[in-house]
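Remarks on the structure that follows.
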Amino acid sequence: MTKPRALIVDDEQDILDLLRITLSRMGLDCLAATDLGGARRLLSTQSFRLCLTDMRLPDGDGIDLVREIASHYPQVPVAMITAHGSMETAVAAMKAGAFDFVAKPLDLQVLRRLVTAALRLGPPAAGDAETGPAAGNLPPLLGDSPAMVELRRLIAKLARNQAPVYVSGESGTGKELAARLIHLQGPRATAPFVPVNCGAIPPDLVESELFGHKKGSFTGAISDNPGLFQAADGGTLFLDEVAELPLPAQVKLLRVLQEKKARPVGSQREVPVDVRLISATHRDLAAEVAGGRFRQDLFYRINVIELRLPPLRERTGDIPLLTAHFLDRIARQNGLIPPRLAASALAALIHYPFPGNVRELENVLERALALAEGETLEAADLYLPALPTATAAAPGLTGPGAPPAGGMSEDATAAALAESISEIQRQVILRTLEETRWNRTAAAKQLGMSLRSLRYRLSKLGIE
């Protein structure tokens with residue numbers, strides 16, 4: 001069986017020897033070049049599974065070689081060898097198309113991990129086992145609009161490198177789903193995907209949660225904690241709402257990304273971590289930098305590649321497909337037949353701007369199935385809130401469940417309304433069930449609904 005071949009490009013003979021010995025022990029044949037011209041000649045006559053190139057070469061810049069390989073040999077993963085601490089070079093290389101970088105002096109453990117990941121990215125060699133999950137196992141990213149077709153194309157492209165990705169978009173657009181797809185379609189698919197909501201971690205525990213701590217390092221540290229970076233080792237760490245990180249934690253995160261090592265709180269030594277970082281926030285991160293709430297150097301480090309998720313109002317043509325998907329899933333989860341959607345209801349969904357995006361669409365449909373009387377969902381069953389924001393309590397709702405007087409956000413108003421309706425439903429259904437001695441058929445008839453609708457509402461309200 002032919003061994004996979006690597007191209008190594010460096011003008012320092014000791015570096016070439018170290019790379020050749022290390023890669024040979026990993027089962028690779030190595031061809032070496034000491035300048036750009038030699039590398040170009042080898043690329044034109046040989047096939048390679050990966051390339052490692054130095055930044056500074058006698059006849060040019062290694063980033064030029066990265067660009068050429070990305071353009072003319074896109075199946076070949078290329079990694080940049082950078083000077084120690086030169087993060088600007090590393091970021092520039094990844095923006096040019098490098099899938100990762102390794103700093104001098106070479107850490108052989110980091111180098112081996114990089115090469116292993118690169119081999120998974122290339123086309124399988126004869127006899128290689130296929131890796132990664134089948135496409136059928138991936139979660140859906142639904143939509144046939146041009147924006148979604150382009151989004152899926154970009155995700156597949158981003159999955160082939162290790163550059164940090166910043167996922168931007170409004171709340172409810174599916175940022176975590178996009179991050180999972182990047183992970184599942186890449187060489188780290190069999191390793192952990194660890195999602196973290198930075199806003200849900202108390203500020204004084206952020207460093208401990210992310211980087212770990214040693215027993216006794218602070219009050220309450222009763223045992224060693226490896227931290228989330230170590231939990232994601234070999235895989236992907238998804239930092240959602242990254243703008244919520246306090247500034248001290250931002251400083252430490254920047255160092256981890258630069259050195260690929262994390263120091264647990266209370267420890268005297270750093271632990272190597274091999275993690276691909278994907279971050280997201282619904283805030284304008286550039287505005288956070290301008291306001292002094294987010295470090296500029298960290299912003300440039302995590303924003304090597306930005307992936308923007310379009311809001312639902314920019315792809316209304318996808319609403320029928322998404323609606324059918326959600327109705328089918330919600331109904332089947334509750335053992336029901338998916339209801340019909342009236343044309344008026346679909347038109348109402350298409351014309352509603354959905355400030356909460358796909359997540360709000362799903363919530364609207366779930367609420368509609370719980371409240372609908374018949375087998376067909378009408379526009380009135382959707383209970384779409386009026387925009388702009390409503391400030392008054394819903395007519396006829398009083399008491400503890402009613403929205404308070406005064407200004408409220410739209411989400412708060414909708415939540416209060418849904419809570420009020422649920423409580424009223426619970427009281428009416430329970431009273432009717434008691435009157436019919438818990439005969440569901442009789443109760444459904446008395447309530448003027450189908451038995452299917454009653455079963456669904458009992459499930460939603462948690463009534464056994």
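Key figures
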read-out: Selected residue [among the acidic types (Asp, Glu), outside the structural domain of residue 83 (by TED's automatic domain parsing) and crowded, with 19+ Cβ neighbours inside 10 Å] from 240, 204; value: 240
read-out: Condition check for residue 227: touching a helix residue (DSSP H, G or I) at 6+ places or on another chain (Cβ under 9 Å), at positive phi and of a type outside the set (Lys, Arg); value: yes
read-out: Those helices (runs of 4 or more DSSP H) lying entirely in the stretch 304-381 with at least 2 residues modelled with pLDDT under 90 and farther than 30 Å from residue 286 by Cβ; value: 319-333, 357-371
read-out: Test result for residue 100, within 16 Å of residue 16 (Cβ to Cβ) and surrounded by 15 or more Cβ atoms within 10 Å (Cβ to Cβ); value: no
read-out: Filter result (touching a residue at least 40 places away in the same chain (Cβ under 8 Å) and surrounded by 17 or more Cβ atoms within 10 Å (Cβ to Cβ)) within the stretch 23-40; value: 23, 28
read-out: Out of 70, 98, sole residue that is within 31 Å of the chain's Cα centre (by Cα) and not in a helix (DSSP H, G or I); value: 98
read-out: Matching residues, the stretch 316-342, being in contact with a helix residue (DSSP H, G or I) (Cβ under 9 Å, 6 or more places away or on another chain), more than 24 Å from residue 459 (Cβ to Cβ) and of a type in the set (A, V, I, L, M); value: 319
read-out: Count - residues of the stretch 152-167 that are touching a Leu at 6+ places or on another chain (Cβ under 6 Å) and part of a loop (DSSP other than H, G, I, E, B); value: 2
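Residue-by-condition table, conditions (1) in contact with a strand residue (DSSP E or B) (Cβ under 7 Å, 6 or more places away or on another chain); (2) on the phi > 0 side of the Ramachandran plot; (3) in contact (Cβ under 8 Å) with a residue 40 or more places away in the chain; (4) not hydroxyl-bearing (Ser, Thr, Tyr):
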{"position": "284", "(1), (2), (3), (4)": "no, no, no, yes"}
{"position": "287", "(1), (2), (3), (4)": "no, no, no, yes"}
{"position": "290", "(1), (2), (3), (4)": "no, no, no, yes"}
{"position": "293", "(1), (2), (3), (4)": "no, no, yes, yes"}
{"position": "296", "(1), (2), (3), (4)": "no, no, no, yes"}
{"position": "307", "(1), (2), (3), (4)": "yes, no, yes, yes"}
{"position": "314", "(1), (2), (3), (4)": "no, no, yes, yes"}
{"position": "321", "(1), (2), (3), (4)": "no, no, yes, yes"}
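The values are calculated or read from the model by the stated rules, or taken from the named source; none is laboratory data. This structure is a prediction, so every number in the text was calculated from the model and none was measured. Positions of Cβ are generated from backbone atoms using ideal geometry, with glycine treated the same way; all protein chains shown enter the neighbour counts.
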